Each structure stands twice: as structure tokens, then as C-alpha cells.
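Everything below concerns the one structure shown next.
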Amino acid sequence: MSKQTEKEVLTPKEIWAEYERGRNYKASLGPIGLYEQAKKNERFMLGDQWNGADTGDIPKVVMNVIKQIGDFKVSNIISNPCTAIYSFDGVPTAMEAQRTPDAAKLTEILSGIGNAEAKVSFEDEHQAVATALTSHFQSVWERCKMNKLNQRGVRNAYTSGGYALYSYFDPSMKTGLWVTDEKKMPVKGDIKVEKINIANVYFGNPTICEVQEQPSIIISQRKALKTIKREMVKNKCSKTDIEAVTADDKYDDVGNYNNGLDEDNQYTTLLTRFWKDEKGNVKAIQCVEKAIVKKEWDIKLTQYPIALFNWDETDNCIYGHSEITELIPNQIAINRMISLEILSEMQMGLPKIIYSEDAISQEITNDPGQIIAVSTQSDVANALRYVNPAQLSPNWSRVEQNLIDNTKSVAGATAVALGDVRPENTSAIVALREAANQPLQPILNRYYDFVEDVARIWGEMILRKYGKRSLRVETDGKIVYVPFDAERYKDMMLSARIEVGPSTLWATSTVISTLDNLLRLKEIDIIQFLERIPEGIIPKKQQLINELRMLREAAAQQQQAQLPQNTQPQGEISIEQILSTLNDEQLAAVQENPALLEQFMANMQQ
């Protein structure tokens, strides 16, 4: 579909037809379609791996290798902290200044913008703004709880192939800021995010693998019927359209929010369609199957507010591929082998009994010491016997373990990666971590690209929607608010680059080991050690530092109090101190020739 012109007016019927084409395309992907494959993968991830299998009395053992591999990979992907470094295209940037901003200098420059006396240069102004945006990005990241959200999203990508993050500007959100110092008018509106299941995102041309190049994007959401109608009243929709909205179960693609029996639990599908007009501005419209919920509006962005992370890529298809799909046959084989091995051991320990009803009339049990009466006319040896179970191959356990190990190894979850190897020192820990992350590098690169896309979207939202307000900047353990006027920079080209820090677990181990060595070599003292050790390692760390400082100050004061009152400053020696060290003969010689003492004092002062 080509770019929609401003004169075109979309109807719910047209939007729904596009949505149906997207659903049909997803249903055709793979052997059973994207929707069913995602549900099956989720069951295997959660351990429901015998679903629909009729096994009789065979134990249904689950050795969940899929979950172990998934937890390892997801934790490694999200454990490396990411931060965005903003810069304006065409403006020189000092990267180190953005990493460790000087709050006083930053406030001075941004406060002097527009003031002729301040004489703020173009480069200094835009460098300061980019630095403030860099720090503010981290504040938005923490407020939106992106670490937790990405953990859930990356896990969803592992089971369904990908996940999308929808960012939007909520104009009613409270910020705690005020337009003026008199605090008469609060500043409202800020960035919010929502995790979208890949099953609920529909791209206009799925053969194009870039989100920003899509002709259109549709997001499907299950919303309460009452909420939809309230929104339509707010948007001044006609009474006829509001009454036409009804509950439905037909379009519940991921099995959530099914309709209940009462009116309070009625849900319907809401579609939000995004597209770019001829000028490159992003427009949007919302509708249900038979009515428009919100008429076309301009979201004031040139980028789609959607970032996509795919677990694995496929040619000519924007929808990703889940690793679980190819692990399921191995998982089934592992479960079967372990179950049959346990069944064999159970039959060996409690074998079945065959007996002749003519020779034995009483009930036979497995109780030890049971006395069994046999007819004298019967052959006792043939009257009762145990059924020997089938013998397992002596290689059964080895093949079973090899299958488990090879499945993990091929998936990149080796013994080294899972921590089964015991390292001897910090260098070994770092080396093992780097080796274990090599198979993950393509996935990590896609995740970092995803975070970079989020940073670009947020950066444009800040420049185009924030207006005049203060930005939160954290530096040197302090939080300051610096003035910012987005109107001055809304037409500038803002770039974002992602910097990745070390994994928290490994960084903590390295830092502690390094500080411990410095303390042992007496290159630092105990207070310097405590000030630099990561948070959470030592309980009440700051209280301990304060107590050590108090003890150090008390010891210094006590030592000062014990010094004689007439003690001379360090480096100076009094005549009395020199005379007190002389014996009687030396003292007599000095008294006879005072010039000797004066010469000695002169030499000491040189």
C-alpha cells in the first residue's frame, strides 16, 4: 500500500480489511501459523510439555531444557545496562562530558541561552542540551521501569519470535514540575510505554524488515467495552456509532481478555493504525469493527512510535523466529527417554505378578512376608511368577545425557555459560563470560539496535512535545533540574548512540577483587574501599563509613590533645630542645662560645 494522502479518509471497513490480511499472513507462517506456534512454544516454556499426549500409566516426567536455555539467554541479554548518548547532527560533541556532566556548568549554559550578556556559543548550547537529554533519557528509562518491561518483552520474543514497544505521550500525566516559580500552573505530559505482543502488531508490508519504512502499522488491543464507549463520548462520536460497538471474541489473537457472562467483563478489539503522509508526518486513527473511536490526528512525529526486537531474523519477513520451535522435538525426546527409564526402574522394583487362578484363590499383593496358599494338585513353581520388564540398553543413560548436553550446547547454553565450571580467579570469570556470550552476540546486537530505536523515538518526542520545562539531570550523586525549551530544537537532527556497560554480576565481582587487592597492598584505606564497593554488598555501608570517620577524627583529636602546649610547628627546632639534648661538657662549651649554637641553628634553618 502506498503512502496515504491527506485527502483520503479511512473507514472502519477498510482498516478491518487490512487487519484481516495481516492476520491471514501470520496464520500462514510456518507449519501451524504464528499464533498457534507461539501458544505451543509458551506451553513448552512453562513446562506443559505433555499436552494432549495419551501415555497411559507412563510417568510424565518433564526435564525442562527449553526453560533453562531461555532463562540463561534472556538474563544475559538484559543484564548489560544500556544508556543512550544523544548528539545533534552537525554539532561537535564531547562524549566524556555527556557521561559525567558538570551540573553547575550545565545550569550556567542553559540558563544563559537567549541572554546576550551570557554569550553562549552555538556549540556550547547544543552540547549542553545534548548532555541534558542524555541524562534525562536515563530518568525516563527508570520511571517507565524499562528493565522490568524489557525482561518480559525479551522473554516473549524467545517464545513468539519478537516483541514491540509502543511509546506514546500522555498529556494528562503529572510531572511534579511547574511552569513558573510561583507554582500556580503545573507542567503535565510525559512519555509512557506499552509492551505489545508480536501477535498484535501488523505491518503493512511484512516483506520490508525495517519498521520506519513500513507504509502502515496496525496495533490490536483488547479493551473493555465500557472504556471504548467512554472514549467515544469524549471524542464526540455520534450516538449511533457508540451503540454499534459490541463485544467480540473473534479477534482475540493471543487468548487474553475473553468475554465473560456479565456486562462488566465485556471486551472488544481496538485497532490503532499509523501511517506517514506525503510530508513524512505520522498520522493515526482508532476504530473498532463498525465504528471510528478517534478520528485521524497528527501525533507530531516523523518516526513510527514503535520499536521492534526480533529473537531471530528471517529473509523477507519482518516477523521474527522463535528458537523454541526447533527445540521442541529434542525436548519431547528427552522427556520420553527419562520417563521410560523411570518406568523401567519402577517395574524392576515392583514387578507384575502372574498366577494361576486354579492354584491360588486368595488375593496376591506385594506385601513382604505374605503367605500364599497353593493347591496340592498344582505345580507350585508354575503357580506364581514375576514378569521381568524389558531390559534397557546399557547405553540408554549415556545417550539420554548426550542428548541433553548436545541440545544445550547447540543452543549456546554450554556448561561454561551456565556456570558449571569453577573459575580460579577474576580474569578467568571475565574470559569465561566473553566466551559464553559469543553465540549470543547476534541477538545482543539486535537488542542494542532495539534500544537505540527507542532512544530515537523518545528523543523526538522530547523535542516536539515537551515545550518549556526543566529536565532532570543526575550527576555526582545529585539530582538537579536544568531549564530547557524544546521549541528551539524541534527541527534539529537528533542522533542517539547506545553505550553498553558490563554485566552487573561480572562487574561487581571484578570491582570487589580489584578493590581488595588495592586494600591489601595498602594503596587505599578502608574508607576508600567502602566508598567504591558496589551497593548492596555490605549492609548499612554508609553508616559504617560514618562510624569509621568518627573514630578517625576522635583519634586525631586525642593525639592532638596529648601534645605539649609549647610544641613548635613541624619542621622547626627550638633552642631549648637543642640544649636539652647536650651533655654537661657540650653545654659548657656552648656557654663559653655562643657562636657555635647560632651557627648550628642557622644550618638547621637552611
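Taking the stretch 142-194 only, how many residues are hydroxyl-bearing (Ser, Thr, Tyr) and out of contact with any Gly (no Cβ under 9 Å at 6 or more places or on another chain)? Break it down stepwise before answering.
Restricting attention to the stretch 142-194, the residues satisfying the condition of being hydroxyl-bearing (Ser, Thr, Tyr) are 158-160, 163, 166-168, 172, 175, 180.
Subset that is out of contact with any Gly (no Cβ under 9 Å at 6 or more places or on another chain): 166-168, 180.
Residues meeting the conditions: 4.
What's the number of the only condition in (1) open to solvent by less than 60 Å² (accessible area, probe 1.4 Å); (2) at pLDDT below 75 that Val380 fails to meet?
(1)
Listed here are the residues, each with its yes/no results for (1) open to solvent by 10 Å² or more (accessible area, probe 1.4 Å); (2) free of Cβ contacts under 8 Å to residues at least 12 places away in the same chain.
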site: Glu117; (1), (2): yes, yes
site: Glu123; (1), (2): yes, no
site: Thr131; (1), (2): no, no
site: Arg155; (1), (2): yes, no
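Would a scan of the stretch 507-521 turn up a residue that is modelled with pLDDT under 90, under 20 Å from Asn150 (Cβ atoms) and within 24 Å of the chain's Cα centre (by Cα)?
Here is the first cut: in the stretch 507-521, the residues modelled with pLDDT under 90 are 507-521.
This time we only want the ones that are under 20 Å from Asn150 (Cβ atoms), so: 507.
Checking the rest, the ones that are also within 24 Å of the chain's Cα centre (by Cα) come to 507.
Yes: the stretch 507-521 contains one or more residues that are modelled with pLDDT under 90, under 20 Å from Asn150 (Cβ atoms) and within 24 Å of the chain's Cα centre (by Cα).
Is one or more of the residues making up the stretch 279-291 farther than 21 Å from Lys192 by Cβ, free of Cβ contacts under 8 Å to residues at least 40 places away in the same chain, among the aliphatic types (A, V, I, L, M) and assigned to a strand (DSSP E or B)?
So far as the stretch 279-291 goes, no, none of its residues is farther than 21 Å from Lys192 by Cβ, free of Cβ contacts under 8 Å to residues at least 40 places away in the same chain, among the aliphatic types (A, V, I, L, M) and assigned to a strand (DSSP E or B).
Here is a yes/no grid of residues against (1) among the hydroxyl-bearing types (Ser, Thr, Tyr); (2) at pLDDT 85 or above; (3) touching a Phe, Trp or Tyr at 6+ places or on another chain (Cβ under 8 Å):
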{"position": "Arg472", "(1), (2), (3)": "no, yes, yes"}
{"position": "Val482", "(1), (2), (3)": "no, yes, no"}
{"position": "Arg488", "(1), (2), (3)": "no, yes, no"}
{"position": "Ser495", "(1), (2), (3)": "yes, yes, yes"}
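Would you point out which residue out of Ile191, Ile219 is out of contact with any helix residue (DSSP H, G or I) (no Cβ under 6 Å at 6 or more places or on another chain), within 23 Å of Asp298 (Cα to Cα) and either open to solvent by 50 Å² or more (accessible area, probe 1.4 Å) or in a strand (DSSP E or B) (or both)? Don't jump to the end; show me each part of the working.
Numbers: Ile191 fails: out of contact with any helix residue (DSSP H, G or I) (no Cβ under 6 Å at 6 or more places or on another chain).
Of Ile191, Ile219, the one residue that is out of contact with any helix residue (DSSP H, G or I) (no Cβ under 6 Å at 6 or more places or on another chain), within 23 Å of Asp298 (Cα to Cα) and either open to solvent by 50 Å² or more (accessible area, probe 1.4 Å) or in a strand (DSSP E or B) (or both) is Ile219.
So, of the residues in the stretch 292-326 that are more than 20 Å from Phe203 (Cα to Cα) and in contact (Cβ under 8 Å) with a residue 24 or more places away in the chain, which turns out to be most open to solvent (accessible area, probe 1.4 Å)?
Lys295
Considering only residues of the stretch 327-376 that are part of a helix (DSSP H, G or I) and small (Gly, Ala, Ser), which is most open to solvent (accessible area, probe 1.4 Å)?
The residue in question is Gly349.
Residues of the stretch 266-282 being out of contact with any Lys or Arg (no Cβ under 7 Å at 6 or more places or on another chain), surrounded by 18 or more Cβ atoms within 10 Å (Cβ to Cβ) and either at positive phi or basic (Lys, Arg) (or both), which ones?
Hit for the stretch 266-282 is Arg273, nothing else.
The values are calculated or read from the model by the stated rules, or taken from the named source; none is laboratory data. None of these values were measured; they are calculated from a predicted model. Note that each Cβ is placed from the backbone with ideal geometry, even for glycine, and that neighbours are counted across all protein chains shown. These area figures cover heavy atoms from the full protein model, side chains too; ligands, DNA and RNA do not enter into them. Shrake-Rupley method; radii C 1.70, N 1.55, O 1.52, S 1.80 Å.
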